[in-house]
1. Return one whole number: the accessible area per residue of the chain in Å², for a 1.4 Å probe.
2. How much FRET efficiency would the formula 1/(1 + (r/R0)^6) give for F64 and K38, where r is the Cβ-Cβ distance and R0 is 22 Å, rounded to 0.05?
3. With unit charges on the beta carbons (Lys and Arg positive, Asp and Glu negative) and the dipole taken about the Cα centre of the chain, which residue among A25, Q3, A43 sits farthest to the positive side?
4. Check each of the chymotrypsin sites (Phe, Trp or Tyr not before Pro) in segment 1-72 and keep only those in coil by DSSP with at most 16 other C-beta atoms within 10 angstrom; list them in order.
5. Using Cα springs under 10 Å in a Gaussian network model of the chain, which residue among A58, A23, A68 shows the largest mean-square fluctuation?
6. Share of the chain's accessible area from carbon and sulfur, percent, 1.4 Å?
7. Excluding R6 itself, what net charge comes from residues whose Cβ is under 11 Å from its Cβ, given Lys and Arg +1 and Asp and Glu -1?
8. For the chain, I need the span (max minus min coordinate) of the C-alpha atoms along each principal axis, in Å, sorted largest to smallest.
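The values are calculated or read from the model by the stated rules, or taken from the named source; none is laboratory data. The structure displayed is predicted, hence computed values, not measured ones. Positions of Cβ are generated from backbone atoms using ideal geometry, with glycine treated the same way; all protein chains shown enter the neighbour counts. Ligands, DNA and RNA are excluded from the accessible area calculation, which covers all protein heavy atoms including side chains. Shrake-Rupley method; radii C 1.70, N 1.55, O 1.52, S 1.80 Å.
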Amino acid sequence: TEQEARDLEHHLLPDIRRAADLAEASGFRFGIEHNEPKRHLIATPESCARILEQVPNAGLVWDFNHTAEDQVDGFKHLGDRIMGLH
C-alpha cells in the first residue's frame, strides 16, 4: 500500500544517508532512483522530494519511463537534484 511504502521510505532514510555520505567521501554523489508507480516506493515526485529534503547530499536518477504525464512538472521542480535520466 502507499502507507507501507511511506513507512519503508522513512525506515530507509538512515541507509540512504550513509550511502550518500560514503559516496561523497569518495568523490561521488549517491542517487536514489524513482520507481514505477505500481510499486509505490519512491514512485512520485513528492516521495522523492521528501527523501531529498532529508538527505541534502543525495541526488535523483529520474526514470522517465516510469513517469505519468501528470507527474512531469513535479519531477522538473526537482531539476537541480536530478543527476541522471534513466
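1. Per-residue value: 63 Å².
2. Values: r = 17 Å, r/R0 = 0.75.
After rounding to 0.05, the efficiency reads 0.85.
3. Value: A25.
4. Working: sites: F28, F30, W62, F64; in loops: F28, F30.
When the chymotrypsin sites (Phe, Trp or Tyr not before Pro) of segment 1-72 are filtered for loop state and at most 16 Cβ neighbours within 10 Å, F28 remain.
5. Greatest mean-square fluctuation among the candidates belongs to A68.
6. 53 percent
7. Numbers: positive: R50; negative: E2, E4, D7, E9, E46.
Its environment carries a net charge of -4.
8. That gives 36, 26, 18 Å along the principal axes, largest extent first.
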